[in-house]
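Novice: One structure is given below, represented as structure tokens, and several questions about it will come after.
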Amino acid sequence: MKVFGICCGRKNGNTEILMKEAFKAIQEKCGAECSFVRLQDAQIRACVGCETCMVNHLKGNWDFRCVHKTGSDHFYFIEQQMRQADAIIVSAPAYNLLPPGILIKFMNKLHASGDYREVVHHNNKIGATFTLGGTDWTNYTLAAANMLTMELVGSYEAVVDKCHFDFVPSVGAIVLEEDMLARIRQLGGNVADALLAKEKGEMPSYVGDPGLCPDCHSPFLEKRADGWYCPQCLTKAKLTMENGELKVEFTPEERAKNRWSFAGQEVHDNNIRKGHKKAADSREYIAQRRKEYADYMDALELPELVKE
Ligand SMILES: Cc1cc2nc3c(=O)[nH]c(=O)nc-3n(C[C@H](O)[C@H](O)[C@H](O)COP(=O)(O)O)c2cc1C
């Protein structure tokens, strides 16, 4: 069995120390082979928005590569590690309340991973996520990192645990936090248990903090014109007051429409197709208007860079 970790903190910093603590617990319980990548050392070229991968995805053509060819950055090296892994742990420190940009850059390229998503939909890898911050200014960090984990393992059902730690600003200071180290060992143990259960043909189940949404377990609600939703799954919530307490429920009917379900993804793909069709029907008009905007103003010319 193989476990692959994605880290995007400092070299031998808090995130990496936690990842190694999780690995120790995994190895003790199930002997899995563990490795991780330090994204801060990796070259991940930013998605240029050409949408080659999206267009191929919509056609059901998996046999394509990103315009940033294999070997021109580390995306496909990491993708290979993901393919070989039975479990993937995504970790991130908070940068401006979010995971670091390098993790988002990596996530932006996932469409270019050909049939990877198809493979994980059927193969059910195990996932887990942990994040931490220097203070408690960390609101979106865990939810955003956990979305990446879900994408890498195919569904929220396969993400068995997630946790977050606040108030660890100094490099390596996580070693002072026995309760946090214990919690991450527990996360590692939960990943190992899920791997062992999977070997027996059992489905993985989530054992982390319940959160609000029963699918992504995030703590968020979003107000829309027709009600309240889980912003991650786009599942409509039913809100009631019970003894002065707000009660949040998600019915099975609404959960079935979850944006990450096959049906939800089909709606999403069809919306993109509809948008492209609308634009294709007015191709000449769009070209003329784009030219007007292009002629109106160009972006600032960027200065030459100094080679380091
Ligand atoms: C650019 C940058 C932005 C940061 N933004 C936040 C933040 O919004 N909230 C927070 O709690 N910590 C923030 N931090 C602190 C890190 O999350 C914290 O130092 C963490 O321990 C780093 O983990 P590491 O040792 O694995 O690199 C930021 C750090 C950097 C470098």
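The values are calculated or read from the model by the stated rules, or taken from the named source; none is laboratory data. Remember, predicted model here, so these are calculated numbers, not experimental data. Ideal geometry is used to build each Cβ from the backbone, glycine not excepted, and the neighbour counts take in all protein chains shown.
Novice: Does any residue of segment 164-178 turn out to be at pLDDT 95 or above, within 16 Å of the ligand (Cβ to nearest atom), in contact with a Phe, Trp or Tyr (Cβ under 6 Å, 6 or more places away or on another chain) and farther than 20 Å from residue 121 by Cβ?
Specialist: Within segment 164-178, none of the residues are at pLDDT 95 or above, within 16 Å of the ligand (Cβ to nearest atom), in contact with a Phe, Trp or Tyr (Cβ under 6 Å, 6 or more places away or on another chain) and farther than 20 Å from residue 121 by Cβ.
Novice: In a loop (DSSP other than H, G, I, E, B) and in contact with a Pro (Cβ under 9 Å, 6 or more places away or on another chain): which single residue out of 215, 209 fits that description?
Specialist: On inspection, the qualifying residue turns out to be 209.
Novice: Same structure again: Going through segment 41-97 one residue at a time, which ones are surrounded by fewer than 19 Cβ atoms within 10 Å (Cβ to Cβ) and within 16 Å of the ligand (Cβ to nearest atom)?
Specialist: If the condition is that a residue be surrounded by fewer than 19 Cβ atoms within 10 Å (Cβ to Cβ) and within 16 Å of the ligand (Cβ to nearest atom), then 41, 42, 95, 96, 97 are the ones that fit.
Novice: Another question about this same structure. Answer with yes or no whether residue 22 is surrounded by 23 or more Cβ atoms within 10 Å (Cβ to Cβ), within 16 Å of the ligand (Cβ to nearest atom), over 17 Å from the mean Cα position of the chain (by Cα) and not basic (Lys, Arg).
Specialist: yes
Novice: From the list 108, 61, which one is among the polar types (S, T, N, Q), more than 22 Å from residue 157 (Cβ to Cβ) and without any contact (Cβ under 8 Å) to a residue 12 or more places away in the chain?
Specialist: Criteria check complete, one pass: 61.
Novice: Here's a follow-up. Name the single residue that is surrounded by the fewest Cβ atoms within 10 Å (Cβ to Cβ) among those in segment 149-166 being without any contact (Cβ under 8 Å) to a residue 40 or more places away in the chain and not in a strand (DSSP E or B).
Specialist: 166
Novice: May I pose another question? Which condition does residue 160 not pass, out of (1) hydrophobic (A, V, I, L, M, F, W, C); (2) touching a helix residue (DSSP H, G or I) at 6+ places or on another chain (Cβ under 8 Å); (3) within 16 Å of the ligand (Cβ to nearest atom), if it passes all the others?
Specialist: Every condition holds for residue 160 apart from (3).
Novice: Hey, another quick one. Residue 205: at pLDDT below 95, under 26 Å from residue 87 (Cα atoms) and touching a strand residue (DSSP E or B) at 6+ places or on another chain (Cβ under 9 Å), yes or no?
Specialist: Taking the combined requirement at face value, the residue satisfies it.
Novice: Moving to a separate point now. If you go through segment 126-148, how many residues are away from the ligand (no atom under 16 Å from the Cβ) and either crowded, with 23+ Cβ neighbours inside 10 Å or free of Cβ contacts under 8 Å to residues at least 24 places away in the same chain (or both)?
Specialist: 4
Novice: Still on this structure: For residue 260, which of the numbered conditions (1) closer than 22 Å to residue 154 by Cβ; (2) without any contact (Cβ under 8 Å) to a residue 60 or more places away in the chain; (3) of a type outside the set (Asp, Glu) fails to hold?
Specialist: If we test residue 260 against (1) closer than 22 Å to residue 154 by Cβ; (2) without any contact (Cβ under 8 Å) to a residue 60 or more places away in the chain; (3) of a type outside the set (Asp, Glu), just (2) comes out false.
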